[in-house]
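Let me begin by presenting the structure, written as structure tokens, before commenting on it.
The values are calculated or read from the model by the stated rules, or taken from the named source; none is laboratory data. Small disclaimer: the values here were computed from a predicted structure and weren't measured. Methodologically, a virtual Cβ is constructed for each residue, glycine included, from the backbone with ideal geometry; neighbour enumeration extends over all protein chains shown. The area values use the complete protein model at the heavy-atom level, side chains included, leaving out ligands, DNA and RNA. Shrake-Rupley method; radii C 1.70, N 1.55, O 1.52, S 1.80 Å.
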Amino acid sequence: MEYKISNGNKPLSLVCLIAGVVMLISALVCDFAKKSLMLFGSDCRGAFLVLGAVGIFLGLFFFPTEKHHRKIINIIFLFPLLFAFAVTVIIPLVLGIGYSFTDWDGIRVKNVVGLANYTKMFTQPSFIWSILITFLFVLFNMILVNLVAFLLALLCTSKIKGMGFFRAAYFLPNLIGGIVLGYIWQFIFSNVVTKWTTALSGNQYSMLSDTKTAFIAIIIVYVWQYAGYIMLIYITGLNMIPLDVLEAAAIDGASRLQTLFNIKLPMIASTITICTFLTLTSAFKMFDVNLALTNGTGSIADFMGSYLTNGTEMLALNIYSTAVVENKYAFGEAKAVLFFIILAIVSILQVKITSSKEVEL
Amino acid sequence: MKKKALTLLMAGVMAFSLTACGGASTNSGSTDNSGADSTTTEAEADADSSSSDKTVSGDAIRLLNGKPEIDAQLQELAAKYNEETGAEVVIETIGGDTNASDELKKMYQADNMPDIFVIEANQAANWDGMLADLSGEEWTDKTGFELTDDNMGTIGFPYTVEATALGYNADVLSAAGVDPASLTSPDAWKSACETLDSKKDELGITAVFGWCAEPANLGWSSGTHVFGQYLDAGLKADDTTYIDMLNDGGKIDDARMKSFAEFVGMMNQYSDPALLVDGTYDNQVAGFKDGKYAFITQGNWCVTSPEDVSFEVGFAPYAFEDGINTIIAGPPSYWVAYQDGNVDGAKAFFNWCAGDSAQDILVNKAGLVSPFDDCQYEATNPFYKSMKSYIDAGNYSGWHTMLKKDGLQNETCQVFADYAKGSIADADAFVETIKKVIESYYAE
């Protein structure tokens, strides 16, 4: 479609552009210099900034070009989104990487320390431990969440009574925030579960007071929270299986198990891939339940020659407490960069694998 | 043509909505700065405040409060200050799980610093060179509790004094025939515990100690306060022997730590098992208020109103060595004035706060304990009488536990928990473990 510019106006465009740039720059300069911009008895800094930006956009819009007009319009329309994305994601990422090479304490940067934060983090036993248990947690969760969710999905696609109720009930935990879940379960573990463990084994302390059982407790809560969500995806997958295939299998005399393993599972292979990666990435980012349930406590008597006190502290929580509790913002930032790299690799793999699966289908 | 007009309109709306957001924040930024910017003239500041009625007028000082429980009383304090002097103070309270020091860092990055804010003693170094020297101010003559720093001088205004030791239920102790004044040696404690324990049913108590070493939510109690007894118990308020050792690469005094560990072992032994390992602060305090425990390992903040308890309370020292007869008392945190803020306004406010009408509100309404010698109000806190008797006799130690390395409490509290649970078997193993943990934390 040819789009004609009837009233491109070069002088107007240039005036708008130049005025806009001047106003914007003067507003920004005043802002950085902490000076107010006095005009007609009031501070016009904010107004200058607004008018400057509007001027630049108008100038671009009126710029008499046929070739690039569409491109300019596209940029103007995309700008709000790109600007927000840059301010909230790109700039913090770049700044964060920059801070990780310094000794920033959240207030000031005193020295640039180069790679010291990065080398230090791999000699810190508590951090290595956090990485290890995060991987362990991810592994357990990937298997357990998918298994539980798939079984629930099978249950909720069978013809039992009250199916709607079951679906809603299993999905509900996912609607409660992780912090709230953590505190609710903390109460359950230290007031209800202790009654059972005392009766069964004579151990009167809660699961949360011992590192191994606390780790199991976190997994239980997380599976309980997340399985309902994954279940929904599996239900959709199972409902997508064409009925004629299932009918054909039934006519051929396939048992229920045969149908499950030879028909249903292969038919929802792509759903399984998606769900696996969803659980993988979300388990890596585990933070809120970890914080509320154990706050990372738990002791490991001997790990790399140290007595660890952060037995259940996973990566995200470790980063948070390094920065905020121990007041080592730059060190936490370096750990966060590593965390970013791990997550980026996982995400790229996910995109690669799911897209190749889609081609096969 | 119509289409083009629509495009133009939408582009304009988008650009405007975007820049309007940016513009608004710059505006408020500029007005906020005006208070701090000494080059701004009076007229300009007025113009600023009139341009937006939400923002603070040029002369008002902003105070960042870290104690949400006294927010209402501080608002009242600000209103009173305005009424008496005409100057304005704006109280901003940080509460819940966000701590003030974290919020301050964000405020600093956003160039939105309050004129007065709250810090703990070990955070002074973070703000090196940015806090105003308050020495020579009138109020400094009336208290011995101000915060001083080698580089910056007198920087911290004490707004309250808190004390921590073993809080006791005097009714239970007298019914059992135990004199709290005699509890100044490990042996005396031991026999007192045995007596109380043997008369549990008769006295109606569940356990001798309401001591909770749960690390996830109560780590501050074991890791900072109880650990602080190792650092300070029995020492004069300005004696920094053990905190200096600790901050010199995490060294501890083995013999002292051993005695301390034995004392903690005794607390573990006579504590309520339901509370010891996975209790909560609420359970602990509720149990003490219900008279279920003879002692509680908290401070004067756990029982703030006389209506909370139906019995007399007091403090007994952690006498893990013979002759220890002090409680830890002092300001746990301070108000400081930001160097680039309205320092004169802050100084005037501090002087006023040390005076009678402010103390009336802080002591009688907010339930704080006054750090000032000439304060005529008796705090309503049930522990106050006991606190005062220790402070008047000079038998109080400092809050040097606040000077330990940031975050150490999160490491040591786990050791207390393991000891309570029994996975650290005895006092020797406790000393060995805590030494290892502290050393490796300081080595980082």
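The rows are residues; the columns are (1) open to solvent by 20 Å² or more (accessible area, probe 1.4 Å); (2) farther than 27 Å from B:F260 by Cα.
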site: B:A132; (1), (2): no, yes
site: B:G153; (1), (2): yes, yes
site: B:Y159; (1), (2): no, yes
site: B:G167; (1), (2): no, no
site: B:L173; (1), (2): no, no
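Scanning the stretch A:169-191 for residues that are within 14 Å of A:M207 (Cα to Cα) and crowded, with 17+ Cβ neighbours inside 10 Å returns A:G182, A:W185, A:Q186, A:F189, A:S190. One residue stands out in the stretch B:181-220 among those that are surrounded by 22 or more Cβ atoms within 10 Å (Cβ to Cβ), of a type outside the set (G, A, S) and within 19 Å of B:F315 (Cβ to Cβ): the one that is nearest to the other protein chains (Cβ to nearest Cβ), namely B:C212. Could you tell me which of the residues B:G279, B:G299 is small (G, A, S), in contact (Cβ under 8 Å) with a residue 40 or more places away in the chain and within 14 Å of chain A (Cβ to nearest Cβ)? After applying the criteria, what remains is B:G279.
Scanning the stretch A:116-135 for residues that are of a type in the set (A, V, I, L, M, F, W, C) and either open to solvent by less than 80 Å² (accessible area, probe 1.4 Å) or not in a helix (DSSP H, G or I) (or both) yields A:A116, A:M121, A:F122, A:F127, A:I128, A:W129, A:I131, A:I133.
For the stretch A:187-209, the criterion of a residue being part of a helix (DSSP H, G or I), within 14 Å of another protein chain (Cβ to nearest Cβ), of a type in the set (K, R) and within 27 Å of the chain's Cα centre (by Cα) is satisfied by no position.
Of the residues making up the stretch A:164-173, one or more are within 30 Å of A:S299 (Cα to Cα), part of a helix (DSSP H, G or I) and out of contact with any Ser or Thr (no Cβ under 8 Å at 6 or more places or on another chain). Within the stretch A:53-66, is there a residue that is in a loop (DSSP other than H, G, I, E, B), under 21 Å from B:D111 (Cα atoms) and either within 11 Å of another protein chain (Cβ to nearest Cβ) or of a type in the set (D, E, K, R) (or both)? Scanning the stretch A:53-66, I find no residue that is in a loop (DSSP other than H, G, I, E, B), under 21 Å from B:D111 (Cα atoms) and either within 11 Å of another protein chain (Cβ to nearest Cβ) or of a type in the set (D, E, K, R) (or both), so the answer is no. Of all residues being among the polar types (S, T, N, Q) and out of contact with any Ser or Thr (no Cβ under 7 Å at 6 or more places or on another chain) in the stretch B:375-409, which is nearest to the other protein chains (Cβ to nearest Cβ)? Just the residue, please. Result: B:S386. The set of residues in the stretch B:420-434 that are more than 26 Å from the chain's Cα centre (by Cα), within 14 Å of chain A (Cβ to nearest Cβ) and either crowded, with 24+ Cβ neighbours inside 10 Å or in a helix (DSSP H, G or I) (or both) comprises B:K421, B:I424, B:A429, B:F430, B:V431, B:E432, B:T433. In the stretch A:29-52 there is no residue matching the filter, namely being closer than 23 Å to A:L338 by Cβ and in a helix (DSSP H, G or I). The condition of being of a type in the set (F, W, Y) and touching a strand residue (DSSP E or B) at 6+ places or on another chain (Cβ under 6 Å) holds for only one of B:Y281, B:Y270, that being B:Y270. Looking for something more than 25 Å from B:I324 (Cα to Cα), open to solvent by 50 Å² or more (accessible area, probe 1.4 Å), without any contact (Cβ under 8 Å) to a residue 60 or more places away in the chain and out of contact with any helix residue (DSSP H, G or I) (no Cβ under 7 Å at 6 or more places or on another chain) - is there at least one such residue anywhere in the stretch B:392-411? No, every residue in the stretch B:392-411 fails to be more than 25 Å from B:I324 (Cα to Cα), open to solvent by 50 Å² or more (accessible area, probe 1.4 Å), without any contact (Cβ under 8 Å) to a residue 60 or more places away in the chain and out of contact with any helix residue (DSSP H, G or I) (no Cβ under 7 Å at 6 or more places or on another chain). Among the conditions (1) open to solvent by 10 Å² or more (accessible area, probe 1.4 Å); (2) at pLDDT below 90, the only one that B:G279 does not satisfy is (1).
Could you please give the count of residues in the stretch B:314-331 that are in contact with a Lys or Arg (Cβ under 9 Å, 6 or more places away or on another chain) and surrounded by 19 or more Cβ atoms within 10 Å (Cβ to Cβ)? Of the residues in that region, 3 qualify. It is to be established whether one or more residues within the stretch A:339-350 are open to solvent by 10 Å² or more (accessible area, probe 1.4 Å) and outside any helix (DSSP H, G or I). No, the stretch A:339-350 contains no residue that is open to solvent by 10 Å² or more (accessible area, probe 1.4 Å) and outside any helix (DSSP H, G or I). When every residue of the stretch B:347-366 is checked against the conditions, none turns out to be outside any helix (DSSP H, G or I) and open to solvent by 40 Å² or more (accessible area, probe 1.4 Å).
To keep it simple, each residue is scored yes or no on (1) open to solvent by less than 70 Å² (accessible area, probe 1.4 Å); (2) closer than 20 Å to A:L291 by Cβ; (3) of a type in the set (D, E).
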{"position": "A:K195", "(1), (2), (3)": "no, no, no"}
{"position": "A:T198", "(1), (2), (3)": "yes, no, no"}
{"position": "A:Q204", "(1), (2), (3)": "no, no, no"}
{"position": "A:S209", "(1), (2), (3)": "yes, yes, no"}
{"position": "A:F215", "(1), (2), (3)": "yes, yes, no"}
{"position": "A:G228", "(1), (2), (3)": "yes, no, no"}
{"position": "A:I233", "(1), (2), (3)": "yes, no, no"}
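The condition (being free of Cβ contacts under 8 Å to residues at least 24 places away in the same chain and either open to solvent by 50 Å² or more (accessible area, probe 1.4 Å) or not assigned by TED's automatic domain parsing to the domain that holds A:I131 (or both)) is satisfied by just one residue among A:I251, A:I263, A:I274: A:I251.
The sole residue among A:V87, A:V94, A:V145 that is touching a Phe, Trp or Tyr at 6+ places or on another chain (Cβ under 6 Å), β-branched (V, I, T) and assigned to a helix (DSSP H, G or I) is A:V145. Looking at B:G156, B:G177, which is the one that is of a type outside the set (F, W, Y), more than 24 Å from B:L276 (Cβ to Cβ) and not assigned by TED's automatic domain parsing to the domain that holds B:Q123? Criteria check complete, one pass: B:G177. Mind checking whether some residue in the stretch A:150-166 is within 14 Å of chain B (Cβ to nearest Cβ) and open to solvent by less than 40 Å² (accessible area, probe 1.4 Å)? No.
Does B:E307 fit the bill of being more than 14 Å from chain A (Cβ to nearest Cβ), surrounded by fewer than 23 Cβ atoms within 10 Å (Cβ to Cβ) and touching a strand residue (DSSP E or B) at 6+ places or on another chain (Cβ under 9 Å)? No, not satisfied. Of the residues making up the stretch B:102-117, those that are open to solvent by 30 Å² or more (accessible area, probe 1.4 Å) and not in a loop (DSSP other than H, G, I, E, B) are B:E103, B:K106, B:Y108, B:Q109. For beta carbons closer than 8 Å, sequence separation of 6+ or different chains, a first residue in the stretch B:336-360 that is within 13 Å of B:D59 (Cβ to Cβ) and a second that is part of a helix (DSSP H, G or I), the qualifying pairs are B:G341/B:G35; B:G341/B:A36; B:N342/B:G35; B:N342/B:A36; B:A348/B:T85; B:F349/B:Y81.
Return a yes/no flag: does the stretch A:136-145 have any residue that is under 16 Å from A:A336 (Cα atoms) and open to solvent by 40 Å² or more (accessible area, probe 1.4 Å). No, there is no match, as no residue in the stretch A:136-145 is under 16 Å from A:A336 (Cα atoms) and open to solvent by 40 Å² or more (accessible area, probe 1.4 Å).
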